[in-house]
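Q: Dropping the structure in here first, questions after.
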Amino acid sequence: MAVAMLYVTHPDEQSAEEMCSVPLEEGLIACANIFSISSMYHWETKMNKDSEFVSLLKTSGHMVEHAEGRIMELDGYETPCVIHIEASANQAYEEWVNEQCGGGA
């Protein structure tokens, strides 16, 4: 019973909440944590420093590809940041995640 996390960046809190609500309502993710970050990166030959929001989405191992695909459809960035992290958790939490995401494989 594997779980996975998806790390996704957003330009603002409203965008993060709107994007997270879709896969949550569709049963592709079990939950989303949204928090503010400061980001530094190179883009189009210049250094940038921005305030962004990150969502950390928890999903089941059998649903991660579907969730990732849906997030890519919804993301508004030209080059979306969607990082897939395989994880393990305590048994009760993994069971809950799997129940929320279609009952497991």
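The values are calculated or read from the model by the stated rules, or taken from the named source; none is laboratory data. Computed from a prediction, not measured in an experiment: that's the story for all the values here. Because the Cβ atoms are built from the backbone with ideal geometry, glycine has one as well, and the counts that use them run over all protein chains shown. SASA here: full protein model, heavy atoms, side chains in, ligands and nucleic acids out. Shrake-Rupley method; radii C 1.70, N 1.55, O 1.52, S 1.80 Å.
Q: How big is the charge dipole of the range 1-47 about its Cα centre, in debye rounded to the nearest 20, if each Lys and Arg gets +1 on its Cβ and each Asp and Glu gets -1 on its Cβ?
A: Values: 1 positive and 7 negative charges, 56 e Å.
In debye, rounded to 20, the range 1-47 gives about 280.
Q: Counting only protein heavy atoms and using a 1.4 Å probe, what share of the accessible area of the chain belongs to carbon plus sulfur, as a whole percent?
A: Numbers: 3130 of 6270 Å².
The nonpolar share, carbon plus sulfur, comes to 50 percent.
Q: Computed from these coordinates, which is Cα Rg over 2.2 N^0.38 Å: (i) 1.16; (ii) 1.11; (iii) 1.20?
A: Read-out from the structure maps to (ii).
Q: While we're here: Taking each full run of DSSP H in the chain as one helix, which ones are at least 30 Å long along their axis (Cα atoms) and have mean Kyte-Doolittle hydropathy of at least 1.6?
A: none
Q: I would also like to ask the following. Going 7 Å from the Cα of Ser88 toward and past its Cβ, which residues in the range 1-24 have a backbone nitrogen under 17 Å from where you end up?
A: The answer is 1-5, whose backbone nitrogens lie closer than 17 Å to the label point.
Q: Which value, in debye to the nearest 20, gives the size of the charge dipole of the chain about its Cα centre, when Lys and Arg are +1 and Asp and Glu are -1 at the Cβ? Don't skip to the answer; put the middle values down first.
A: On the way: 4 positive and 18 negative charges, 60 e Å.
Computed charge dipole of the chain: roughly 280 debye.
Q: Moving to a separate point now. Relative contact order of the chain: what whole-number percent is it, with Cα pairs under 8 angstrom and at least 6 residues apart?
A: Relative contact order of the chain: 43 percent.
Q: If you don't mind, another one. Hey, in the GNM for the chain with a 10 angstrom Cα cutoff, which one of Ala89, Ala16, Ala32 fluctuates hardest?
A: Maximum fluctuation in the GNM of the chain, among the listed residues, is at Ala89.
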